[in-house]
1. Show me the helices (runs of 4 or more DSSP H) entirely contained within the range 229-302 in which 2 or more residues are in the same structural domain as Thr97 (by the TED database) and surrounded by 16 or more Cβ atoms within 10 Å (Cβ to Cβ).
2. Is it fair to say Gln328 is open to solvent by 40 Å² or more (accessible area, probe 1.4 Å) and polar (S, T, N, Q)?
3. What tally of residues in the range 392-414 results from selecting those that are among the β-branched types (Val, Ile, Thr) and either over 23 Å from Glu497 (Cβ atoms) or open to solvent by 50 Å² or more (accessible area, probe 1.4 Å) (or both)?
4. Based on this model, can you work out whether Ser443 counts as hydroxyl-bearing (Ser, Thr, Tyr) and in contact (Cβ under 8 Å) with a residue 24 or more places away in the chain?
5. How many residues are of a type in the set (D, E, K, R), touching a residue at least 24 places away in the same chain (Cβ under 8 Å) and over 25 Å from Phe415 (Cβ atoms) if we restrict to the range 530-560?
6. Residues in the range 316-333: is at least one modelled with pLDDT under 90, more than 26 Å from Pro385 (Cβ to Cβ), not small (Gly, Ala, Ser) and not in a strand (DSSP E or B)?
7. Among the residues of the range 533-560, which ones are assigned to a loop (DSSP other than H, G, I, E, B), open to solvent by 60 Å² or more (accessible area, probe 1.4 Å), at pLDDT below 80 and not hydrophobic (A, V, I, L, M, F, W, C)?
8. Please find, among Leu359, Leu372, the residue that is without any contact (Cβ under 8 Å) to a residue 12 or more places away in the chain and under 27 Å from Glu413 (Cβ atoms).
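The values are calculated or read from the model by the stated rules, or taken from the named source; none is laboratory data. This structure is a prediction, so every number in the text was calculated from the model and none was measured. Heads up, the Cβs are rebuilt from the backbone with ideal geometry, glycines too, and the neighbour counts pull from every protein chain shown. To get the accessible areas, we keep the full protein, side chains included, count just its heavy atoms, and leave off ligands, DNA and RNA. Shrake-Rupley method; radii C 1.70, N 1.55, O 1.52, S 1.80 Å.
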Amino acid sequence: MFSSHKVSLVFIPHFPFSSKIKNSLRGLMTIPVDSSVRRQKKNKSYLALKFSIAIFLIASGLGVYCLLIQSKYFNSNSLPGNDLIPQDALLSFSLTTDPSQWKQLREFGTLVAQKELDKNLAIWVDILFNSKGYDFHKDIQPWVGNRITFVVLTSNKKSITINTSVSTNSKSLQEQHLAIILPIKNLVKAQQVLSQTSKISGSLIQRENPSKRILTRTVKSPSGSRLFTAFINQKFLVVANNPSTIQQITNAYKSKLTIASTNGFAENFSKIKHSNSFIQFYFNIPASVKIMDAVTKSRLPPEVLTRLQDNQGLVGSISLKPTGIQLQGISWLNPNSQRQLEVEYERENMAKFLPPETLIMLSGRNLHHLWLDYVSISKNNPFAPIPPEQIKTSIKDYLSLDLEQDILSWMAEEFSVSMVPNIPQEGKQEDFHAAILLMVKTSDRRRAETFFTKLDNIMKTQYQFQIKKENVRGKPVITWISPFGTLNATHGWLDHETSFFILGNPITNRIISLPHNSLANSQVYKNIVSSELTPSSGELFIDIERGLRNFSLPNIFPNQNLLLDSSRLLGITSRIQDSHSQYYKIFVELKKSDDVRSLTDNTNR
């Protein structure tokens, strides 16, 4: 699976070279410059991985103001500039410049979130344009392409300096290898605008005759800061914050060692539906893992490192839909990897056993294999949330059961973990607002029944629970009642293969002999969880508005509450395509505001 991506609609860190774009663009095409550039004296490449995530958040949430007022959308099935981006780039993503899509994005979110968006956009407008006397609409829009690509690169240096103080301020970001690739749609207009060297507020400090249709230059501003650019084959303008980044990109272009030639990139990128996509992206998993391992104080075990580096990459797109945002992605293994994914040809939808008011559902296949995978990547791994041995020891100490032999041995089929809300009854006080429901399709019912019998006896003899046998809608069930009546649990069978265990409020009568109005048949579920990936290898459904907002959650990312307040529903579906690739689909339904003004109106006031 992939790491959770944090999408923020209201957070904009300062971009390192935004304030220098004007000076570089004005005279780019008139005076060629020396292509042999010096590397910066010290590169802190370990920060690049962390900032690649921050940059991706910018793209997902706000982007740069210059992308908001441009020409028609460019429908392309390739990442713009992919034949310039080095193979070891950590992250590459392109943004649409279609103003109608940015206007559509502006329709989502609460008024509070939109005010925060407006405030940050006003800052960006001032940094990029107002403070420079620079008019993007007049000077850049006439020639720039329909998508702009951002690239986060690794360092060429062998040594990596570790600095535990990481921030997103401009000084820290300037130490990263970052670049913007601007496709040139109209060369004539670009030459007209960029040849106005009289307006450059700085000095050209390097020049050279054109070589292999690549012109590079360095512009020094009055403050002493520098910006580095390359004009490649009259098709792309590359803007970077250090010379080694320009060198990496031009070298990759000349040698053709780019992401376009990376194993699996073209094939998997073409499988994603990029029509009208808001963002297209590529994430280099091996390079990211390598940097993460090099900079952490606790090194990853060799077997864990090998397993992670078996993954070659992740490509995808983010699109705006009438009710929210959809992400599609494909991850694939290195062609030399010995590991193979297990293709699933049949899987039952566990949502059909759940009531339609379910708040959260996580489903998957084969808990036993899932545990074995967790053990393989967690053993001696300092980043594992809970060591596997600790889990096994706790179950042995408290329940006198062996996790693998007594429990997981019969859990080799589909499973789901859900949260089902309580339905209040007049005049009745409930101890819990919701119930936790575990359902497992067993591969060995006899072994499963043996486990439940053992568990009942342990709860009765060791913890003095009352064990009560009942019959609900013709199905035998067993209920545990704690000594003080503060905790209840129920278990039984929905059919010959599907067992269930309920902790909290008794909801047995709502899941046994469930009528056709199940969660799977509800329109809400159908709108959020993709039916295209059938059979799926896993699904996640969350009713954010009714579920998460009623719980106290830790603060994981900036402006988390604003994002949650703007969201209604989340659906994630994954499917193993073949033995080497896996497909993902994520949809977030967002709230809409009735008071929608144009971004330019809000930021120019």
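1. The helices (runs of 4 or more DSSP H) meeting that bar are 243-255.
2. In short, no.
3. Adding up the residues that qualify gives 2.
4. Against the criterion (hydroxyl-bearing (Ser, Thr, Tyr) and in contact (Cβ under 8 Å) with a residue 24 or more places away in the chain), Ser443 qualifies.
5. 1
6. No: zero hits.
7. If the condition is that a residue be assigned to a loop (DSSP other than H, G, I, E, B), open to solvent by 60 Å² or more (accessible area, probe 1.4 Å), at pLDDT below 80 and not hydrophobic (A, V, I, L, M, F, W, C), then Thr534, Ser552, Pro554, Asn555, Pro558 are the ones that fit.
8. Leu372
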